[in-house]
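Below is one structure; the comments refer to it alone.
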Amino acid sequence: MHRLRFRQVHLDFHTSPAIPGIGAAFDKDEWQEMLRKGHVDSITLFAKCHHGWSYHETSVGALHPCLSFDLLRAQFDACKEMDVNAPIYLSAGVDNVAFEAHPEWHEVDANGQWVGWARSPVQPGFHRLCFHSPYMDYLCDQIRETVRLFPNCDGIFLDIISQAPCCCKWCLEVMSENGLDPNCEEDRATCANMALERYYRMTTEACLCDNPAMPVFHNSGHIKPGQRDILKYFSHLELESLPTGGWGYDHFPMSAKYCKNLDFDFLGMTGKFHTTWGEFGGFKHPNALRYECAAMLAFGSKCSVGDQLHPNGQLDESTYELIGRAYAEVEAKEAWCDKVENVADIGLLSSAAVNAASGREAAGDTGAGRALLEGHFLFDVIDGEMDFGTYRMLILPDDVRVDSNLKQKLDAFLSGGGKLMLTGESGLDEEGAPLFDIGAVFEDESPFRPDFVLLDEAVRPEFCKTPMVMYLPSRRIRPTTGQSLGAVYDPYFNRTDHRHFCSHQHTPFKPEASGYSAGVLNGNILYLAHPVFSIYRGWGAVSMAEYIRNAVNMLLDGPTVEASLPSTARLSLMDQPGESRYVLHLLYANTVSRGGPLSLAGGTVSSRGSIEIIEELMPLRDTAVAVRPAREVARVTLEPQGVDLPFAVEDGEVQFVVEEFVCHQMVVLHYA
């Protein structure tokens with residue numbers, strides 16, 4: 001396994017040919033001083049950017065026209081002199097220099113229109129080139145040149161890896177040779193997948209041309225659960241997840257909880273920017289970066305912070321002071337965060353992985369992840385190939401299709417005493433009948449949207465004693481041997497036309513119950529009739545979150561960790577077997593939404609809409625924690641403070657109180 005360092009910077013450097021004096025302010029001593037100020041031990045440097053310019057002497061590519069020396073060599077040697085790792089970046093999906101020389105390499109759709117950020121030759125933006133075109137030979141020659149010029153670099157980072165369904169001349173030839181119809185959308189997608197496979201194979205071979213141990217990472221902005229076929233081309237993983245750049249604060253934990261079960265070291269990648277990549281002069285609050293780096297440690301990751309170098313080649317002092325405040329804390333905590341294993345009660349079987357869904361997320365996955373994070377449950381995100389036997393409980397959120405292989409694995413899990421939670425369409429066959437004995441008779445989907453539920457006291461939110469709205473339709477179920485979790489109440493009618501509407505939004509529920517159940521518990525299987533996780537993803541109702549948490553607790557029957565934390569806090573439990581200790585991470589920051597849509601008449605600037613930010617870090621006091629560890633605990637300490645924490649043990653439960661912490665506290669449980 002390729003081992004990563006903890007404190008990386010990803011130094012973007014996309015520079016226009018219209019800007020003079022590229023690298024003119026680079027100074028080795030100042031460069032090194034900024035890296036020391038930032039507590040940086042690894043930094044990704046640019047060989048070639050999205051514009052297509054090279055930043056080193058090249059016989060393959062095109063040296064930036066306003067660069068008068070080998071900037072990459074100067075940066076690289078300065079880093080190596082102070083034992084800072086230096087992986088090297090090449091843009092692999094876009095290249096404006098190559099496009100201008102070979103416009104025929106551009107991706108085009110079935111209507112002959114350019115695909116990508118720039119849709120015309122005069123529009124500002126980058127141009128996407130097709131991986132079936134001769135561009136691939138040009139790119140691979142650039143990669144081989146780079147690894148031979150810098151054989152002691154610490155890896156190759158290839159960026160913007162994607163391929164749209166394309167109808168350029170080379171894609172048309174590939175489709176013709178393989179019996180694919182370019183008029184068929186599915187066949188065009190098949191051709192695009194073939195182009196991606198060609199890209200991964202050719203570029204990885206180029207990276208490894210002289211050194212089979214050269215680290216390689218291909219960045220697509222997201223590690224998709226279940227997409228294991230491409231992982232043979234990776235040496236490690238970098239999880240791009242800028243909370244203020246569109247990913248939000250709950251994306252990274254979910255991504256990390258999946259990648260922690262893969263055989264790779266990985267790092268999280270946030271940014272120093274207020275918004276996202278390409279922002280000069282934008283800074284997030286230092287407390288936000290402290291929290292984001294702490295979250296990376298808490299979820300088993302190394303850290304990377306994105307920066308963008310000014311065209312003059314000078315690192316920004318404010319940026320490295322900002323990074324240094326976070327990375328000084330990371331440096332102090334590294335000993336408790338290396339070679340750790342996540343402890344989990346629950347396996348969240350990803351719908352995106354099982355269903356091979358396209359896009360960045362599946363609504364059920366996201367809603368389930370948020371509910372579990374807010375409920376402080378210990379869980380992993382898993383795909384169908386992973387081992388189910390390590391979990392006490394599995395959750396199949398909303399629409400997980402179960403084929404014969406998955407059914408066999410789930411049956412074995414249940415036979416071994418495991419517990420299974422199903423919601424909505426999960427666990428049903430193609431005819432909509434249940435594949436598991438849930439203790440109820442199934443009928444069709446409810447014709448009503450919304451409907452309402454009056455829940456049993458065991459799962460009811462404490463403030464909802466009357467029917468609460470369910471925004472998406474349920475499956476109609478009538479309990480037989482199972483225990484009903486509450487009654488469904490139908491509305492008088494759907495809001496459909498001028499004769500059938502009531503008030504501003506919902507038609508109210510009828511006074512009498514419909515005779516159908518909201519859910520059922522039957523032994524080790526709990527089924528909820530609504531797609532509750534998608535509902536929570538879409539509407540975010542606290543009542544829905546409480547319903548979900550109560551249902552999970554009912555089935556789980558005693559989590560490994562309980563803590564008196566607010567829902568905005570996060571926790572994780574890591575096992576560090578090499579050091580004979582558990583490390584409990586407590587995280588807390590208050591996120592707020594600021595900004596909003598803004599367009600200035602006659603101007604060229606518009607806002608990105610509201611952004612979730614962190615400013616103040618408020619202390620949490622008197623956090624009571626109970627842990628039920630698998631091993632006997634002899635000592636509890638607060639780290640990195642090195643302070644012993646009083647604790648009690650009752651019926652195998654380790655109990656203690658953390659009097660106060662700000663942002664992040666590690667509580668270490670030492671076992672024999």
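The values are calculated or read from the model by the stated rules, or taken from the named source; none is laboratory data. Everything numeric here is computed off the predicted structure, so don't read it as measured data. Neighbour counts are summed over all protein chains in view; Cβ atoms, including those assigned to glycine, are modelled from backbone coordinates with ideal geometry.
Counting only residues that are in a loop (DSSP other than H, G, I, E, B) and either touching a strand residue (DSSP E or B) at 6+ places or on another chain (Cβ under 7 Å) or closer than 17 Å to Arg128 by Cα (or both), the stretch 158-184 holds 9 of them. Once the stretch 178-224 is narrowed to residues that are of a type in the set (Asp, Glu) and farther than 18 Å from Leu90 by Cα, the residue that is nearest to the chain's Cα centre (by Cα) is Glu197.
Considered as a group, the residues in the stretch 556-579 that are over 23 Å from the mean Cα position of the chain (by Cα) and either at pLDDT below 95 or of a type in the set (Asp, Glu) (or both) include one that is farthest from Arg631 (Cα to Cα), and that residue is Asp557. Taken as a whole, the condition of being within 26 Å of Leu129 (Cβ to Cβ), β-branched (Val, Ile, Thr) and over 35 Å from the mean Cα position of the chain (by Cα) does not apply to Thr44. Counting just the residues of the stretch 84-100 that are in a helix (DSSP H, G or I) and aliphatic (A, V, I, L, M), which one comes out farthest from Ala189 (Cα to Cα)? For the stretch 84-100, the residue satisfying everything is Val97. Of the residues Phe26, Phe69, the single one that is in contact (Cβ under 8 Å) with a residue 24 or more places away in the chain, touching a Gly at 6+ places or on another chain (Cβ under 6 Å), under 23 Å from Phe150 (Cβ atoms) and part of a loop (DSSP other than H, G, I, E, B) is Phe26. Search the stretch 533-551 for residues being in contact with a strand residue (DSSP E or B) (Cβ under 7 Å, 6 or more places away or on another chain) and more than 19 Å from Gly482 (Cα to Cα), and hand back the single one that is surrounded by the most Cβ atoms within 10 Å (Cβ to Cβ). Within the stretch 533-551, the match that is surrounded by the most Cβ atoms within 10 Å (Cβ to Cβ) is Phe533. The residues in the stretch 115-140 that are loosely packed, with under 14 Cβ neighbours inside 10 Å and either at pLDDT 95 or above or charged (D, E, K, R) (or both) can be counted, and the count is 2. Of the residues making up the stretch 8-65, those that are closer than 30 Å to Val340 by Cα and either among the hydrophobic types (A, V, I, L, M, F, W, C) or out of contact with any strand residue (DSSP E or B) (no Cβ under 6 Å at 6 or more places or on another chain) (or both) number 9. Looking across the stretch 15-42, the residues that are surrounded by fewer than 20 Cβ atoms within 10 Å (Cβ to Cβ), in contact with a His (Cβ under 8 Å, 6 or more places away or on another chain) and not aliphatic (A, V, I, L, M) come down to Ser16, Pro17. Of all residues in the stretch 101-109, at least one satisfies being within 30 Å of Glu186 (Cα to Cα), surrounded by 23 or more Cβ atoms within 10 Å (Cβ to Cβ) and of a type in the set (A, V, I, L, M, F, W, C).
Evaluate the stretch 101-120: report whether one residue or more is among the basic types (Lys, Arg), free of Cβ contacts under 8 Å to residues at least 40 places away in the same chain, outside any loop (DSSP other than H, G, I, E, B) and assigned by TED's automatic domain parsing to the domain that holds Leu180. So far as the stretch 101-120 goes, no, none of its residues is among the basic types (Lys, Arg), free of Cβ contacts under 8 Å to residues at least 40 places away in the same chain, outside any loop (DSSP other than H, G, I, E, B) and assigned by TED's automatic domain parsing to the domain that holds Leu180.
On the stretch given as the stretch 365-416, residues that are surrounded by 21 or more Cβ atoms within 10 Å (Cβ to Cβ), of a type in the set (Ser, Thr, Tyr) and touching a Gly at 6+ places or on another chain (Cβ under 8 Å) total 1. Of the set (1) buried (at least 21 other Cβ atoms within 10 Å of the Cβ); (2) more than 19 Å from Glu240 (Cα to Cα), all apply to Pro286 but (1).
When you check Leu231 against the structure, is it part of a helix (DSSP H, G or I), of a type outside the set (Val, Ile, Thr), touching a Phe, Trp or Tyr at 6+ places or on another chain (Cβ under 8 Å) and closer than 30 Å to Val343 by Cβ, yes or no? Taking the combined requirement at face value, the residue satisfies it. For first residues located in the stretch 140-165 and touching a residue at least 12 places away in the same chain (Cβ under 8 Å), partners that are of a type in the set (Asp, Glu) and part of a helix (DSSP H, G or I) and lie 6+ apart or on another chain with Cβ distances below 8 Å form the pairs Cys140/Glu205; Pro165/Glu185.
Conditions (1) more than 25 Å from Glu341 (Cα to Cα); (2) surrounded by 13 or more Cβ atoms within 10 Å (Cβ to Cβ); (3) not assigned by TED's automatic domain parsing to the domain that holds Asp575, marked per residue:
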position	(1), (2), (3)
Glu612	yes, yes, no
Glu615	yes, yes, no
Thr623	no, yes, no
Ala626	no, yes, no
Glu650	yes, no, no
Gln655	no, yes, no
His664	no, yes, no
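Restricting the stretch 594-632 to residues that are over 30 Å from Gly652 (Cα atoms) and assigned to a strand (DSSP E or B), the residue that is modelled with the highest pLDDT is Ile614. Scoring Ser543 on the criteria (1) without any contact (Cβ under 8 Å) to a residue 40 or more places away in the chain; (2) more than 22 Å from the chain's Cα centre (by Cα) leaves a single failure, condition (1). Looking across the stretch 227-247, the residues that are of a type in the set (Gly, Ala, Ser) and crowded, with 19+ Cβ neighbours inside 10 Å come down to Ser235, Ser241, Gly245.
The set of residues from the stretch 612-624 being of a type in the set (A, V, I, L, M, F, W, C) and either touching a Lys or Arg at 6+ places or on another chain (Cβ under 6 Å) or within 12 Å of Cys663 (Cα to Cα) (or both) comprises Ile613, Ile614, Leu617, Met618, Leu620.
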